[in-house]
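Have a look at the structure below before the remarks.
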Amino acid sequence: MEEKKGVAERLTLGITRILESMPGVADARFVEREPAEKRSLLSWEQKNTCILPEDLRDFYLTTDGFTLTWSVKLDNECVPVGCMMINSVVRLQQLHPPSTLFSLPNAPTLADLDCDGGSTESESKDCPAVPHFDSRSRIFELDSCGGNGKVCLVYRNCSQGVVAQQSHIWFLDRSLYWHYLTPTFTSYYRLMLTHLGLPEWQYSFTPYGPSPQAKQWESLYPPLTFQRELGPVDPAGDTLFNNKLDPTKAFKGKSKVATPKKKQSTQSGSGGTAKGHVSVGKHAVVRR
């Protein structure tokens with residue numbers, strides 16, 4: 001039991017306790033899941049001809065998906081507000097253009113949007129070119145966002161029969177426009193937690209922003225240590241938040257037994273240090 005609590009605390013970075021300390025918040029609930037098996041990850045990679053990012057692989061080896069929800073008590077009634085979700089490996093499915101089986105022969109398809117350049121994003125040093133709906137991109141759904149869009153794991157510049165390796169995280173809004181979110185899964189995971197899973201929080205990274213109702217919830221429960229001004233970019237590509245997420249600490253995966261090194265006769269109690277990862281991350285602090 002204590003071990004399970006430790007895993008839950010490590011995965012949520014203490015967000016559940018922070019939510020419970022906020023006024024009006026009720027029923028903050030984290031759904032525990034067993035780790036995914038390595039063979040299921042290998043099967044996914046073979047089926048989709050893609051290599052999972054290392055941090056996403058470690059995440060799935062810790063928990064096969066993620067769900068954390070919370071509500072607000074209004075007039076003795078609990079109203080669902082926040083939802084943080086990452087699909088399991090089985091539900092990490094590819095988005096395909098809709099079939100034209102029951103459509104007219106010359107009916108337009110989703111892939112035809114590529115001809116119109118239908119996106120608000122343009123390629124630059126900090127933002128890659130937008131994904132395509134045809135075979136040039138392989139797109140997998142991480143979160144359906146409650147019908148308000150889709151957060152996707154996107155592999156670009158794909159060729160038939162060639163294993164895709166490099167991926168980014170994008171947001172596909174309800175108008176089928178693409179918006180670049182983060183270069184890595186770890187960066188997106190931290191954004192999701194610090195935004196508390198508020199409704200339509202991904203629209204903060206679009207030119208038009210969330211709906212007025214979603215903005216009201218954001219004013220009541222602002223994202224943790226959120227800064228509108230961009231800070232210096234760190235090696236992970238993170239710019240918006242002060243708190244740091246160490247994926248080697250949060251996503252441990254299956255435990256590995258360290259191989260002991262042979263002792264050298266010339267060294268005895270000299271206080272040598274072993275190589276390893278040191279977590280410097282701290283829980284975010286809510287400003288009262």
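The values are calculated or read from the model by the stated rules, or taken from the named source; none is laboratory data. Because the structure is a prediction, the values reported are computed rather than measured. Here the Cβ positions follow ideal geometry from the backbone for every residue, glycine too, while neighbour counts run over all protein chains shown. These area figures cover heavy atoms from the full protein model, side chains too; ligands, DNA and RNA do not enter into them. Shrake-Rupley method; radii C 1.70, N 1.55, O 1.52, S 1.80 Å.
Using a simple spin-label model with pseudo-atoms 7 Å out from Cα toward Cβ, residue 47 and residue 215 lie 4.2 nm apart.
For the stretch 147-214, the solvent-accessible area of protein heavy atoms averages 37 Å² per residue (probe radius 1.4 Å; ligands and nucleic acids excluded).
The value of relative contact order for the stretch 21-75, using C-alpha pairs under 8 Å at least six residues apart, is 63 percent.
What full-extension length gain, to one decimal in nm, is calculated for residue 127 and residue 75 as 0.36 nm per residue of separation minus the Cα-Cα distance? Let's see the in-between values first.
Numbers: separation 52, 0.36 × 52 = 18.72 nm, distance 4.47 nm.
The residue 127-residue 75 span can extend by a further 14.2 nm.
Using equal-weight Cα scatterers in the Debye expression, the normalised intensity of the stretch 9-53 in log10 at q = 0.14, 0.17, 0.27, 0.29 Å⁻¹ is -0.57, -0.66, -0.95, -1.02.
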